[in-house]
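S.K.: Below is the structure I would like to discuss, written out as structure tokens.
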Amino acid sequence: MEVVITPDYEEMSKFAAGMIARQVKDKPGAVLGLATGSTPLGVYRELIRMHGEEGLDFSKLITFNLDEYLGLPPAHPQSYHYFMWENLFKHVNIDPGNVYIPGGITADVEEFCRWYEAEINKAGGIDLQLLGIGGDGHIAFNEPGSSLGSRTRVKTLVLQTIKDNSRFFEREEDIPRFAVTMGVGTILEAKKILLIAGGEKKALVCADFIEGPVTSQVTASALQLHRQVTVVLDEAAASRLKRKEYYNWIRDNKHLVRKYLGS
Ligand code: F6R
């Protein structure tokens, strides 16, 4: 795992957007895995800026989102469909036919999950997967205890998540209790993974998943098993890391590694 510590949220977002932009320029038809939540908003803003000011081209990209609340139609303002169109897709030249987001409303959800996995494979697999991390260490909606080999499936949300969401819904019966989510196993098959986290609230969980044991109780810790993961943190989220100096030393000496390896 490469751990990159940036001074603040802005720099974290720019660094991560820069990595995504490089992927898109290297392979215009790349397959990107995308996340929702508050953390990637800065990354999406920067990508929109790059599209407008630098001509970053999304026209051949294929995207797969991590998750969606079960029961919410795409037009619902709390759905992840709505989030993605509002915060990224409608501002860039992506082909709507190349956008995949798990369906919140499907006649046969198990069949849908199989189809979603098959579509990822048909597209050639995910080249770069963007992730956030939940306060309990979840990636996508793989809550603590999820199998580290899990595939796209329906997951029951933890009570805290249900409670946190309640403020967005007028009627209690509308609050989602389940989500369709890529599994940890699905995520680990991405060729490259980029996880971003910011703020003091994420400091403990970042120390756990980067420097603690691999455990299904902190599903992000499974990323330790992947060969190409970059974690980009701001100073606050990095504040509980024990090996911070080493990560910074690696960053500061990267040019030497490039010199020796000729890369
Ligand atoms: C969203 C997702 C979640 C979030 C996580 C962090 O698609 O998969 O795992 O990344 O809950 O959310 P924020 O960024 O709001 O702290």
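The values are calculated or read from the model by the stated rules, or taken from the named source; none is laboratory data. None of these values were measured; they are calculated from a predicted model. Heads up, the Cβs are rebuilt from the backbone with ideal geometry, glycines too, and the neighbour counts pull from every protein chain shown. What goes into the accessible areas is simple: the full protein's heavy atoms, side chains included, and nothing from ligands, DNA or RNA. Shrake-Rupley method; radii C 1.70, N 1.55, O 1.52, S 1.80 Å.
S.K.: Which of the residues that make up the stretch 142-171 are among the hydrophobic types (A, V, I, L, M, F, W, C) and modelled with pLDDT of 95 or more? So that I can check it myself, show each step before the final result.
M.R.: At the first step, the residues of the stretch 142-171 found to be among the hydrophobic types (A, V, I, L, M, F, W, C) are 148, 154, 157-159, 162, 168-169.
If the condition is that a residue be among the hydrophobic types (A, V, I, L, M, F, W, C) and modelled with pLDDT of 95 or more, then Leu148, Val154 are the ones that fit.
This table checks each residue for (1) farther than 23 Å from Thr39 by Cα; (2) aromatic (Phe, Trp, Tyr); (3) out of contact with any Lys or Arg (no Cβ under 8 Å at 6 or more places or on another chain).
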residue: Arg49; (1), (2), (3): no, no, yes
residue: Ser59; (1), (2), (3): yes, no, yes
residue: Gly125; (1), (2), (3): yes, no, no
residue: Leu131; (1), (2), (3): no, no, yes
residue: Ser147; (1), (2), (3): yes, no, yes
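S.K.: I've got another one for you. Within the stretch 218-234, is there a residue that is acidic (Asp, Glu), assigned to a loop (DSSP other than H, G, I, E, B) and within 24 Å of the chain's Cα centre (by Cα)? Reasoning before the result, please.
M.R.: Narrowing the stretch 218-234 to residues acidic (Asp, Glu): 234.
Checking which are assigned to a loop (DSSP other than H, G, I, E, B) leaves us with none.
For the stretch 218-234, residues acidic (Asp, Glu), assigned to a loop (DSSP other than H, G, I, E, B) and within 24 Å of the chain's Cα centre (by Cα): absent.
S.K.: Another one. For Ala238, are the conditions met, namely being in contact with a His (Cβ under 9 Å, 6 or more places away or on another chain), within 20 Å of Ser38 (Cβ to Cβ) and either modelled with pLDDT of 95 or more or small (Gly, Ala, Ser) (or both)? Reasoning before the result, please.
M.R.: Values: in contact with a His (Cβ under 9 Å, 6 or more places away or on another chain): no; within 20 Å of Ser38 (Cβ to Cβ): yes; either modelled with pLDDT of 95 or more or small (Gly, Ala, Ser) (or both): yes.
In short, no.
S.K.: On to the next question. With the requirement that a residue be charged (D, E, K, R) and either touching a Cys at 6+ places or on another chain (Cβ under 7 Å) or open to solvent by less than 100 Å² (accessible area, probe 1.4 Å) (or both), what does the stretch 152-171 give you? Full working, then the answer.
M.R.: First, pick out the residues of the stretch 152-171 that are charged (D, E, K, R): 153, 155, 163-164, 167, 170-171.
Those that are charged (D, E, K, R) and either touching a Cys at 6+ places or on another chain (Cβ under 7 Å) or open to solvent by less than 100 Å² (accessible area, probe 1.4 Å) (or both): Arg153, Lys155, Asp164.
S.K.: Quick one: which of Pro28, Pro73 is out of contact with any strand residue (DSSP E or B) (no Cβ under 9 Å at 6 or more places or on another chain), surrounded by fewer than 19 Cβ atoms within 10 Å (Cβ to Cβ) and either at pLDDT 95 or above or of a type in the set (Val, Ile, Thr) (or both)?
M.R.: On the way: Pro73 fails: either at pLDDT 95 or above or of a type in the set (Val, Ile, Thr) (or both).
So the residue among Pro28, Pro73 that is out of contact with any strand residue (DSSP E or B) (no Cβ under 9 Å at 6 or more places or on another chain), surrounded by fewer than 19 Cβ atoms within 10 Å (Cβ to Cβ) and either at pLDDT 95 or above or of a type in the set (Val, Ile, Thr) (or both) is Pro28.
S.K.: Of the residues Lys202, Lys192, Lys163, only one is within 12 Å of the ligand (Cβ to nearest atom) and among the basic types (Lys, Arg); which?
M.R.: Numbers: Lys192 fails: within 12 Å of the ligand (Cβ to nearest atom); Lys163 fails: within 12 Å of the ligand (Cβ to nearest atom).
Of Lys202, Lys192, Lys163, the one residue that is within 12 Å of the ligand (Cβ to nearest atom) and among the basic types (Lys, Arg) is Lys202.
S.K.: Take the residues of the stretch 31-46 that are surrounded by fewer than 22 Cβ atoms within 10 Å (Cβ to Cβ) and part of a loop (DSSP other than H, G, I, E, B): which is nearest to the chain's Cα centre (by Cα)?
M.R.: The residue in question is Gly37.
S.K.: I'd like the full set of residues that are over 18 Å from Ala123 (Cα atoms), away from the ligand (no atom under 16 Å from the Cβ) and of a type in the set (Asp, Glu), limited to the stretch 9-38.
M.R.: Across the stretch 9-38, the qualifying residue is only Glu11.
Conditions tested, residue by residue: (1) crowded, with 16+ Cβ neighbours inside 10 Å; (2) without any contact (Cβ under 8 Å) to a residue 24 or more places away in the chain.
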{"position": "Ile193", "(1), (2)": "yes, no"}
{"position": "Lys201", "(1), (2)": "no, no"}
{"position": "Phe209", "(1), (2)": "yes, no"}
{"position": "Pro213", "(1), (2)": "no, yes"}
{"position": "Ala220", "(1), (2)": "yes, no"}
{"position": "Asp234", "(1), (2)": "yes, no"}
{"position": "Ser239", "(1), (2)": "yes, no"}
{"position": "Arg251", "(1), (2)": "no, no"}
{"position": "Arg258", "(1), (2)": "no, yes"}
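S.K.: Answer yes or no: is there a residue in the stretch 52-63 that is within 16 Å of the ligand (Cβ to nearest atom) and crowded, with 17+ Cβ neighbours inside 10 Å.
M.R.: Applying the first criterion (within 16 Å of the ligand (Cβ to nearest atom)) to the stretch 52-63 yields 63.
Now restrict to residues that are crowded, with 17+ Cβ neighbours inside 10 Å: 63.
Checking the stretch 52-63: at least one residue is within 16 Å of the ligand (Cβ to nearest atom) and crowded, with 17+ Cβ neighbours inside 10 Å.
S.K.: Suppose we filter the stretch 83-136 for residues that are small (Gly, Ala, Ser), farther than 14 Å from Met182 by Cβ and at pLDDT 95 or above; how many remain?
M.R.: Number satisfying all stated conditions: 2.
S.K.: Further question: For Asp95, indicate whether it is more than 12 Å from the ligand (Cβ to nearest atom) and touching a residue at least 40 places away in the same chain (Cβ under 8 Å). Show your work before the answer.
M.R.: On the way: more than 12 Å from the ligand (Cβ to nearest atom): yes; touching a residue at least 40 places away in the same chain (Cβ under 8 Å): no.
So Asp95 does not fit the description; no.
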